[in-house]
Amino acid sequence: MTIQERRAGLFLICLGLASAYYGMFQLKIGTIGQPGPGAFPFISGAGIVILCLAWIIANPVPAGACQALWEKGQLVRPVIAVAVTTAYAVLMEPLGYVLSTLVFLAAWQVFIEREKWKKTAMIAIIGTAAMYFLFVYLLSVALPEGLLEDLFL
């Protein structure tokens with residue numbers, strides 16, 4: 001385990017403790033028969049703490065195990081992923097679910113996965129249709145219509 005991995009584990013332990021504290025004292029856990037709104041954050045936070053502690057204890061840091069967190073040029077794809085995901089979230093309301101998801105999946109395939117256009121188009125169209133069917137017909141979720149609402153109504 002590197003120093004960076006140990007720091008990441010400690011950071012996740014802090015987040016887990018914060019989540020467990022918030023679920024226990026701010027939201028109220030409730031009982032086993034009638035769990036309150038804080039039950040899931042508490043259980044999730046406690047689980048994160050337990051798993052991270054086990055990971056840190058099972059993997060001690062060897063002497064002189066310091067290495068770079070990111071190799072040269074490896075930071076580009078995660079930054080692009082964050083930008084594409086942020087653009088997706090921002091464009092969801094004005095463009096609507098279908099168009100924004102289509103653009104998101106196509107952009108992900110082109111900029112991050114570096115796929116060819118034929119495969120990109122297939123993934124974007126089939127993925128958008130499958131997720132639309134799942135959310136609208138199976139889960140009955142109302143999705144933003146955006147531009148499509150303006151065009152067809």
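The values are calculated or read from the model by the stated rules, or taken from the named source; none is laboratory data. Please read these numbers as outputs of a predicted model, since none were measured by experiment. With ideal geometry, Cβ positions are generated from the backbone for all residues, glycine too; neighbour counts draw on all protein chains shown.
Worth pointing out:
Matching residues to (1) crowded, with 16+ Cβ neighbours inside 10 Å; (2) modelled with pLDDT of 95 or more; (3) closer than 28 Å to LEU147 by Cα:
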| residue | (1), (2), (3) |
| --- | --- |
| ALA58 | no, no, no |
| LEU69 | no, no, no |
| LEU75 | no, no, no |
| PRO78 | no, no, no |
| VAL90 | no, no, yes |
| LEU95 | yes, no, yes |
| ILE125 | no, yes, yes |
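- Hey, ILE50 modelled with pLDDT of 95 or more, of a type in the set (A, V, I, L, M, F, W, C) and under 30 Å from LEU17 (Cβ atoms) or not: yes
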